[in-house]
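The values are calculated or read from the model by the stated rules, or taken from the named source; none is laboratory data. Model, not experiment: these values are computed from the prediction. Every residue, glycine as well, gets a Cβ built from its backbone with ideal geometry; the counts of neighbours run over all protein chains shown. With ligands, DNA and RNA removed, areas are computed over all heavy atoms of the protein, side chains included. Shrake-Rupley method; radii C 1.70, N 1.55, O 1.52, S 1.80 Å.
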Amino acid sequence: MSRLAEISDRDLILVRLRFLDLLKSFFIEEPDAERMSRWRGIFAALGKERINRQLDDAIEKLAENLNKKDLQDLRDEYYALFTDPYSRQLLPLNATYYLDGKSFGPSLVDYRELLKQARLIKDGSITDPEDSLPLMLDTLIALIEEEKQGAGEQTRGLQKQLLEHFLIPTTAKLLTAVENNSIADFFCSCIAFLEAYLDLEKGLFESVDDPR
């Protein structure tokens, strides 16, 4: 049993929000000195905890990468993977690319329907597609915030749908892609950490569905 299953519902929500905020911070923009220092502090602390084997291993690998690389290494990797349109290592982050094999497909229609049910609208100033990984994490954060305010079963149902239909399968295929990417050392460990954490999220819903 994971340690997340042993804490109160309210504390669990706070822990989930902190993990998701951390995960989102890897992908929203190019790393800077402040963010890298924050990551190092967080992973030094997480390395002393024991959550479950998959997540513990992912945390250890990410901490190793943070200790052996400098800020310019992370910036160069981020630029080649997520910013440079001419990079051969460019790594799309939108779900439909991995779920449908193209940038616009049935999965995007389904995801927009989920947003409609959640009454969430993308800020017009954001240029990323709705189904980009950082925005999907933002959606999960927004749904958990609603749960924190006492929202009912519909909010948890949407969280589960978001995890099972979009975040988890996208992350699995993204990890396969990044594992074969010759320059994606640090961000491979970030995505492995994301996959391990999302598996933990999935387990939270399974324990509710099957309380035995």
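Hey, any hits in region 106-116 for a residue that's hydroxyl-bearing (Ser, Thr, Tyr) and in a helix (DSSP H, G or I)? Looking through region 106-116, at least one residue is hydroxyl-bearing (Ser, Thr, Tyr) and in a helix (DSSP H, G or I). Can you tell me which residue in region 115-125 is nearest to the chain's Cα centre (by Cα), limited to those that are open to solvent by 60 Å² or more (accessible area, probe 1.4 Å) and on the phi < 0 side of the Ramachandran plot? Among them, the one singled out is Lys122. Within region 50-59, the residues that satisfy the criterion of being in contact with a Leu (Cβ under 9 Å, 6 or more places away or on another chain) and not hydrophobic (A, V, I, L, M, F, W, C) are Asn52, Gln54, Asp56.
Does region 85-98 contain at least one residue that is of a type in the set (Val, Ile, Thr) and surrounded by 13 or more Cβ atoms within 10 Å (Cβ to Cβ)? Yes: one or more hits. State whether the residues of region 15-27 include one that is open to solvent by 80 Å² or more (accessible area, probe 1.4 Å) and assigned to a loop (DSSP other than H, G, I, E, B). Within region 15-27 (the criterion being open to solvent by 80 Å² or more (accessible area, probe 1.4 Å) and assigned to a loop (DSSP other than H, G, I, E, B)), the answer is no, since none of the residues qualifies.
Per-residue answers, yes or no, for (1) at pLDDT 90 or above; (2) within 21 Å of Leu81 (Cα to Cα); (3) surrounded by 22 or more Cβ atoms within 10 Å (Cβ to Cβ):
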| position | (1), (2), (3) |
| --- | --- |
| Leu143 | yes, no, yes |
| Lys148 | no, no, no |
| Ala151 | no, no, no |
| Gln154 | no, no, no |
| Gly157 | yes, no, no |
| His165 | yes, no, no |
| Ile168 | yes, yes, no |
| Lys173 | yes, yes, no |
| Phe187 | yes, yes, yes |
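Only residues that are in contact with an Asp or Glu (Cβ under 8 Å, 6 or more places away or on another chain), over 13 Å from Cys188 (Cβ atoms) and either open to solvent by less than 60 Å² (accessible area, probe 1.4 Å) or without any contact (Cβ under 8 Å) to a residue 24 or more places away in the chain (or both) were counted in region 60-79, giving 1. When restricted to residues that are touching a residue at least 60 places away in the same chain (Cβ under 8 Å) and open to solvent by less than 10 Å² (accessible area, probe 1.4 Å), region 189-202 contains 7. Screening the candidates Glu130, Glu179, Glu164 for the property of being touching a helix residue (DSSP H, G or I) at 6+ places or on another chain (Cβ under 9 Å) and touching a residue at least 24 places away in the same chain (Cβ under 8 Å) yields one hit, Glu164. Among the residues of region 125-135, at least one is in a helix (DSSP H, G or I), of a type outside the set (Val, Ile, Thr) and touching a strand residue (DSSP E or B) at 6+ places or on another chain (Cβ under 8 Å). Counted as qualifying within region 29-104 are the helices (runs of 4 or more DSSP H) with 1 or more residues that are farther than 30 Å from Ile126 by Cα, namely 33-46, 53-68.
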